[in-house]
1. Residues of the range B:76-106 with amide nitrogen under 12 Å from the 7 Å Cα-to-Cβ point of B:Asn178?
2. So in the range B:15-272, what percent of DSSP beta bridges are antiparallel if you round to the nearest 5?
3. Could you please report the charge total around A:Ala591, scoring K, R as +1 and D, E as -1 over all other residues with beta-carbon less than 10 angstrom from its beta-carbon?
4. Can you work out the FRET efficiency for the pair A:Val103 and A:Glu668, with r the C-beta to C-beta distance and R0 = 45 Å, to the nearest 0.05?
5. Give me a comma-separated list of calculated 3J(HN,Hα) values for the range A:293-310, in order, Karplus coefficients 6.51, -1.76, 1.60 applied at θ = phi - 60°, integers in Hz, x for any Gly or Pro.
6. What is the order of A:His555, B:His274, A:His294, fewest Cβ neighbours within 10 Å to most?
7. Within chain A, which is the longest segment that contains none of the GluC sites (Glu not before Pro) sitting in a DSSP loop with at most 13 other Cβ atoms within 10 Å?
8. Using 11 Å as the cut-off for backbone N distance, which residues of the range A:1-32 belong to the label zone defined by a point 7 Å from the Cα of A:Val516 along Cα→Cβ?
Amino acid sequence: MPEAYPLPSNLSSATVTNTASLLRIVTLALISGAAIASRLFAVINFESIIHEFDPWFNYRATRVLATKGFYEFWNWFDPTAWYPLGRVVGGTVYPGLMATSGVIYNLLHALNLPVDIRNVCVLLAPGFSALTAWATYMFTKEMKDPSAGLLAAAFIGIVPGYISRSVAGSYDNEAIAIFLLMFTFYCWIKALKQGSALFGTVAAVFYFYMVAAWGGYVFITNMIPLHALVLILMGRFSNRLYAAYSSWYAIGTLASMQVPFVGFQPVKTSEHMAALAVFGLLQIVAFAQLVRSHVSSQQFQKLLFIGVVAIGILGAAAFGIMTLKGWIAPWTGRFYSLWDTGYAKKYIPIIASVSEHQPTAWPSFFMDLQFLIFLFPAGVVVCFRQLRDEHLFVIIYAVMASYFAGVMVRLMLTLTPVVCVASAVALSTLLDTYIDPTEPEINDDTVSESGASTASAPAPGANGTSHPTTPKKTKKAVPPPQSTSALGQIIAASRSSNNKPRPKGIFGADTRLMVVFNAMCLLAFFVFHCTWVTSSAYSSPSVVLASTNPDGSQHIIDDFREAYYWLRQNTQEDSVVLSWWDYGYQIAGMADRPTLVDNNTWNNTHIATVGKVMASSEEVAYPILRKHDVQYILVIFGGLLGYSGDDINKFLWMVRIAQGIWPDEVQEPSFFTPRGEYKVDDQASPTMRNSMMYKMSYYRFAELFGGNAATDRVRQQQLPKVGPTLDYVDEAFTSENWIVRIYEVKKEDPLGRDHKSANAFSQGKKRKRTKPAQRRRAIL
Amino acid sequence: MLLFRSLLCAIGLAGVVYAKSSKGDSVLVVVEPKQQDNYSIFFNGLREQGYDITFRAPKAETPAVIEFDAPSFAHVILFAPDTKILAKDLTPQSVVDLLSHNTNVIVALSSKQTAISTLAAEFSLVLPPPGSPLMSYFPERTDPATVVPVPVPASHPMLTPNLPPVWFSGVPHSLGNNPLLVPILRAPSESFAAEIDGGSADALVDAAERGGEGLWAGSQLGLVTGFQTLNGARITWVGGVDIFSDEFANKEVVKGLKSGNEQFVRDISAWTFHESMVLRIDETTHHRVNSTTPLEQYTTNDQIVYEARISSYDPKTTTWVPYSGLKDLQLEFTMLDPHIRTALLPVKGQPGKYSVTFRAPDRHGVFKFVINYKRKGLTYLQSSTTVAVVPPRHDGYPRFLSAAWPYYTGAISTSIAFFLFSAIWLAADSRDQKKGKGHKSE
């Protein structure tokens, strides 16, 4: 057989295997290193700090876990959250993340390594990203071969779509969940391939870990049954499937019910019903197989007919009754919003108000995945070429995750692994084809055909069920993975072989070199892109902001911490702070003060109450504030600095959410100008100008400009010369750049007056009495 | 120290007649130096009680009432109703400031319009237009009609019972609907305000409508009215300064019967200066039934005991003595709204102790034990203790439920069935089958 370039032939196969495995280990280690290193931008550029919002809660919970132990954590009732409702934290968290850090912390301390719990939390996500790379390697190895696995591991190690949730300091559930997701899938594939109850059980155990770690476990709960269902429908039922699924489902479900927050959901809610139904179906199919092997085929037909009808009726009736009785909970709103993207905006503004629940913008696919997003479909097509059971899994996963990623920004995270896997399969197929030195022989038809088929399918499965691929089919499937430079060649080749199957392959080293070089360039650009995106977009803690000085040096804007520490040091320990829910976890974590609402948005009414306070006038808000024992109000104002994520920009969501509960008292249209614009300047509507939020944001803002027109830099609008006045609250603190403003709610007036007239009195204004006096004078 | 204390005791015993305020002895009297002697009986009475009186002219700047944001005196008496504008630190605003600093004030009014009379509106007292004092032609007497004998309510908690009528000369006021007002002395029903002192009839008619009282007449008008602010300071508005005067104190109401003025003004100053009707909550505790230590958090449905100790101030001995006299005290267990509101009754045999036992609601959250006792004249009793009510611990639920027997049966029967099945399977395993299996595995 001719070869494009010579290969050393004096090596024993054992040497090759050993070297290859050594290289794999070294590569994996390097990938892990790269994965961890690229996530440390946040620590290097800023400091070792917990990021954003949710991580602050996780961090606080972890501290409780580390100091008080697991049982106290399990029973933890947090009276400072959702004041005065409180939060049963032990029963409403996914404890996996905290437990993981707790175990690591205790382990390190047992080894006499006195590591601070904060550092454990900060570095947990990078650490787990290395594990994710490994799990993806294992998973992809099952799909194709170890070299594809290494590619996939490298991709997932640095792809921005995953880094966005796992930089150092981003101490969130997703940090460990993606590893668990991939490893559970790997175990499932392994169990399915081998029909192994052991791997099924391992999958169940990791599934349990996943359930304990992230609400996204529902994805697994539905992916695996879907895979099983598709296999059954395709007539691929086997005892291997039966063993794998049954062991996974039975053990996994029982285990998942041990998580307090999940409880009986797996047998009660609609989201979990698919898994149960497929479990039942599998039993029926298995039973049918058993019966078929014992009775004649005619009897079996009858039996099958009766059985299907009876079970169908019974199942439908049972499901109907249970739904009617309320034993099975209907779908939740969050779930509906997955299917109807407009649903949340109409009915549950609280879900729609979260930026990460918005539909994904197209550029972000490129931003997060770069060239992988182009290779991804090719990889799926390559999967179709062989279509073994595990390939089906990747195909289903790809379809589902693509849809979800399009619906919600945050679900980009679940798409990323499959993109990496599929792209790795595609790219590795391409490289396999072009690096393989075998050249086709033109003269001998039979030999070339076999050569071509080995080249195109380098790892043919020993699976009997896979369909023999005809050369024609192969050709159709081939074009996508081969990138643009090779395209003309391929098209020409496919045209020339229109009528009869012709041998195919690549001649010469130059063609190979071109394609391989091109692929290498793509990979190199990918690395640059990932590094750039990671360092510039995904490494900001958002607690600390950065800007650049005129001379190019970095300027740190630390208003948030300044304000939170002010609260911590200058207020009573039990003084309640009201703010919009975005800042609840941060206030609890950094200021250590009770909050009314926080990022765990479980009580819509309570959030609407806060929205109402912000949206109403002082007179309306004051009784609500007093009733909730609020002592301080915290608002975020970006108008001075141009920080666009401030409360005025979020204000319409507050109004909408409040309107959902009090449609008579808060109305969104009244916050717009008559022309329907959202303005804060002279033309702002009276309702807008009287709202607490507007007043507290712009209180004394005009004074900063010393007589010149005050300009809001976020909204680029000029504010009225005379700013708003406040009667019921006092300004207590304003941070350096005015980003955080804190107001103190006044106590009741000692004379029982309302604060407006009390203020008017203390400013020496004359009290106005009731009208009859003036009327009489008018007559005179 | 001990010696010093016993010395104090001895002095205390020696001067038994002294009755002192619970808030301090320093009194500032703002009065024209010329008129100072007109009220000697009242001032001497205060001195005898142990008060330390400082005089100051209305326009004088020193001694300052509030210095460095701290009040210099425990009590202030404003006997300058005719001074148009008082010194800088005695503006209406600073009087409110004094009250919010827990200083008690007695204010005398007159029929002239002054800065102080504009302050009355803040206390929801409505004054008649300037120049309209109270007058009455009954009972027939030789005095001018503006000097009115006013019968004192026979049983007012603040006043000595069965006082003879008191002489009054000054302006009435009508009371707004502020619940913090404490009416003390009302005008006689046949009296009215009239424009004899240079006022105008039109203005009076105007004001009649404004006051919402119809005419400025009758027993709905107040003459002496107390006001207790939410932070516990007391202020008493007196329609005319003459009620404190020596002249009225010595004047006879009917032949042989001296007026009640001397005792009356002692009574109202005793109330204003926190001598009488002063209560306090010494301590509140809470614990579970059959336990004594207070908990930071209770479990839902716990039986909770709440206890409060209340004492009242005894001006005679200047001590706080346990007080069991409140029959309508209530305890609320509140989260946003009171989940439980129950009577907090005195415990028999334990003076000053009030106690109640109740079951915590079946609802977790941050609750407050709230006592909010506001009665006219009495010190407001307010107490709020925050505790969390939490769901049972994960191992705090009952272990075996009778309702769960189907599940227990299921678990046990499955276990037994599995065991039996395994046993039978192993026992029934014949050699042939083993062979067959062996072949397969090979």
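Coordinate-derived values only; no laboratory data. Just so it is clear, the structure is predicted and the values come from calculations on it, not from any experiment. Cβ coordinates were reconstructed from backbone atoms using ideal geometry, including for glycine residues, and neighbour counts include every protein chain displayed.
1. Of the residues in the range B:76-106, B:96-97, B:99-100 have backbone N under 12 Å from the label point off B:Asn178.
2. Working: 23 of 40 bridges.
Close to 60 percent.
3. Working: positive: A:Arg561, A:Arg568, A:Arg593; negative: A:Asp592.
Within the 10 Å Cβ shell, the charges total +2.
4. Details: r = 48 Å, r/R0 = 1.07.
Rounded to the nearest 0.05, the efficiency is 0.40.
5. 6, 10, 10, 6, 5, 5, 4, 4, 4, 4, 4, 4, 4, 4, x, 4, 4, 4
6. A:His294, A:His555, B:His274
7. A:48-572
8. Within reach of a label on A:Val516, which here means backbone N under 11 Å from a point 7 Å along Cα→Cβ, the range A:1-32 contributes A:4-7.
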